[in-house]
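Have a look at the structure below, then the notes.
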Amino acid sequence: MFHMFDKLLLISEGYPVYYGKARESMQYFSSLRFVPEIAMNPAEFLLDLTTGQVNDISLPEDLRTPRGSLEFEKDIIKYLQLKFKVAIEPKEKASHRVTKAPEHLQSAVQVKKDWTMTWWDQFFILSKRTFKERCRDYFDKLRLVQALGVAILLGLLWWKSTTGTEAQLRDQVGLIYYICIFWTSSSIFGAVYVFPFEKVYLVKERKADMYRLSVYYVSSTLCDMVAHIFYPTSFMLIVYFMAGFKRTVACFFMTHFSILLIVITSQGAGELFGAMVLSIKRAGMIASLILMLFLLTGGYYVQHIPEFIQWLKYISFMYYGFRLLLKVQYSGDQLYECGSKGGCRSLQTSPSFDTVNLNGGLKEVWILLAMALAYRICAYLCLRKRISVCHL
């Protein structure tokens, strides 16, 4: 196969070390005193040279770096690059008639920082590629069966649930918290492995300055939102009406919006955990630990957290998401326990809402939006730092 080549271009670390007729390549390197000491395939010999692996190859006398030293392989490559510039490059320039390159090619060889495409052009191209690559994951049948299956199961377990008594109310509040858990964990683990999985080709393409890192991050996040919106929507259309939640148009859309807000915030957290380490094993471990912490401080298992550790709940988006769903679904002046001896009571007096003011407004919406944005900014900064380290 090697002898079928007419022309041969050898590149080492981005710079040429030979260009010319393939059958003359061995003669050229022999003239430089690089000669195989054992019988060797020409292609293998040339690849060894371009990588600095010259264990069974004699060296020119003017190459003074001792074998086995730390800089030996780099000096071999620098030597070959220098010889190319001296021996081959001038001849090639002289033998080719100088022609003016087209404008788009001239712009393509400008300084790295002068991008040949606008941010939006890169965004549309990269978004199209990202969507094509991940389309099968977005519309995976197993994920759809999981979402619909869990929705139906929950709907059957909480079939037409009511809030007439304290026990019934506690059951429905438990369902709301489980929905938070389900979509928080699904979203975090759906996002935490994205950057670790794509690390190899991301580093490679960033080294070549194929696109801005900001374009990659935004297109990746927005494309992933397709799945993070589609599945919760399908889920809520089933479980909301089966479980007997408040049947008003406004309440349904507010509940749906709250779930999407929790999902988008969880996605941002997952991206941050993945960008922090760029390791599949460690990213999953970090996500599991932080998710457990957020679940415990979400306001369902423990409502009255000791003061010295109360700050944990304020960094948990589960805490704000759960409170938001309770405020959307229930009203403080709504009555229950009307069949009891004590007569009707307002929902606000229930132990389930000891730490939640049901009529206290929806400030959690703004907090979750701020957290979703903060997670993404931090994820982008972490990714940029980690990728720059990988460049080195």
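The values are calculated or read from the model by the stated rules, or taken from the named source; none is laboratory data. The structure presented is a predicted model; accordingly, all values stated were derived computationally and were not measured. Heads up, the Cβs are rebuilt from the backbone with ideal geometry, glycines too, and the neighbour counts pull from every protein chain shown. These area figures cover heavy atoms from the full protein model, side chains too; ligands, DNA and RNA do not enter into them. Shrake-Rupley method; radii C 1.70, N 1.55, O 1.52, S 1.80 Å.
Quick grid of which residues meet (1) open to solvent by less than 60 Å² (accessible area, probe 1.4 Å); (2) touching a helix residue (DSSP H, G or I) at 6+ places or on another chain (Cβ under 8 Å); (3) farther than 24 Å from residue 140 by Cα:
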site	(1), (2), (3)
160	no, yes, yes
166	yes, yes, yes
175	yes, yes, yes
178	no, yes, no
182	yes, yes, no
187	yes, yes, no
194	yes, yes, no
199	no, yes, no
Legend entry - Test for residue 367: is it modelled with pLDDT of 90 or more, outside any loop (DSSP other than H, G, I, E, B) and either farther than 21 Å from residue 192 by Cα or open to solvent by less than 50 Å² (accessible area, probe 1.4 Å) (or both): yes
Legend entry - Subset of the stretch 25-37 [more than 20 Å from residue 73 (Cα to Cα) and loosely packed, with under 12 Cβ neighbours inside 10 Å]: 27
Inset, instruction - Could you check, for the stretch 259-269, whether at least one of its residues is without any contact (Cβ under 8 Å) to a residue 40 or more places away in the chain and closer than 17 Å to residue 325 by Cα? - result: yes
Legend entry - Unique match (being farther than 16 Å from residue 380 by Cα, in the same structural domain as residue 382 (by the TED database) and in a helix (DSSP H, G or I)) among 196, 232: 232
Inset, instruction - Answer yes if at least one residue in the stretch 313-321 is touching a helix residue (DSSP H, G or I) at 6+ places or on another chain (Cβ under 9 Å), aromatic (Phe, Trp, Tyr) and closer than 24 Å to residue 164 by Cβ, and no otherwise. - result: no
Legend entry - For residue 222: the one exception among (1) surrounded by fewer than 22 Cβ atoms within 10 Å (Cβ to Cβ); (2) under 24 Å from residue 149 (Cα atoms): (2)
Legend entry - Residues within the stretch 129-154 that are more than 26 Å from residue 256 (Cα to Cα), touching a Ser or Thr at 6+ places or on another chain (Cβ under 9 Å) and open to solvent by 40 Å² or more (accessible area, probe 1.4 Å), tallied: 1
Legend entry - Any chance residue 59 is crowded, with 17+ Cβ neighbours inside 10 Å and in contact with a helix residue (DSSP H, G or I) (Cβ under 7 Å, 6 or more places away or on another chain): no
Inset, instruction - Tally the residues that are touching a helix residue (DSSP H, G or I) at 6+ places or on another chain (Cβ under 9 Å) and acidic (Asp, Glu), restricting the search to the stretch 1-24. - result: 2
Legend entry - Test: residue in the stretch 6-22 that is small (Gly, Ala, Ser), in a helix (DSSP H, G or I) and either at pLDDT 90 or above or surrounded by 14 or more Cβ atoms within 10 Å (Cβ to Cβ) (or both): yes
Inset, instruction - Pull up the stretch 38-56, narrow it to residues that are in contact with an Asp or Glu (Cβ under 6 Å, 6 or more places away or on another chain) and of a type outside the set (Gly, Ala, Ser), then point me to the one that is most open to solvent (accessible area, probe 1.4 Å). - result: 38
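Could you say whether any residue in the stretch 323-334 is open to solvent by 60 Å² or more (accessible area, probe 1.4 Å), over 30 Å from residue 222 (Cα atoms) and assigned by the TED database to the domain that holds residue 219?
Scanning the stretch 323-334 turns up at least one residue that is open to solvent by 60 Å² or more (accessible area, probe 1.4 Å), over 30 Å from residue 222 (Cα atoms) and assigned by the TED database to the domain that holds residue 219.
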Inset, instruction - Working carefully through the options 280, 309, 315, find the one that is closer than 20 Å to residue 374 by Cα and in the same structural domain as residue 161 (by the TED database). - result: 315
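Can you tell me which residue is modelled with the lowest pLDDT among those in the stretch 47-71 that are under 39 Å from the mean Cα position of the chain (by Cα) and not acidic (Asp, Glu)?
This residue is 70.
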Inset, instruction - Determine whether residue 316 is out of contact with any Lys or Arg (no Cβ under 7 Å at 6 or more places or on another chain), under 23 Å from residue 382 (Cβ atoms), crowded, with 17+ Cβ neighbours inside 10 Å and modelled with pLDDT of 85 or more. - result: yes
Legend entry - Members of the stretch 291-313 that are surrounded by 13 or more Cβ atoms within 10 Å (Cβ to Cβ) and assigned to a helix (DSSP H, G or I): 291, 293, 294, 295, 296, 312, 313
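Results for (1) more than 25 Å from residue 144 (Cβ to Cβ); (2) more than 26 Å from the chain's Cα centre (by Cα); (3) open to solvent by less than 10 Å² (accessible area, probe 1.4 Å), shown as yes or no for each residue.
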| position | (1), (2), (3) |
| --- | --- |
| 243 | no, yes, yes |
| 259 | no, no, yes |
| 272 | yes, no, no |
| 277 | yes, no, no |
| 289 | yes, no, no |
Inset, instruction - Can you run down the residue pairs with Cβ atoms below 6 Å, 6 or more apart or on separate chains, where the first is in the stretch 36-65 and within 21 Å of residue 3 (Cβ to Cβ) and the partner is among the hydroxyl-bearing types (Ser, Thr, Tyr)? - result: 50/12
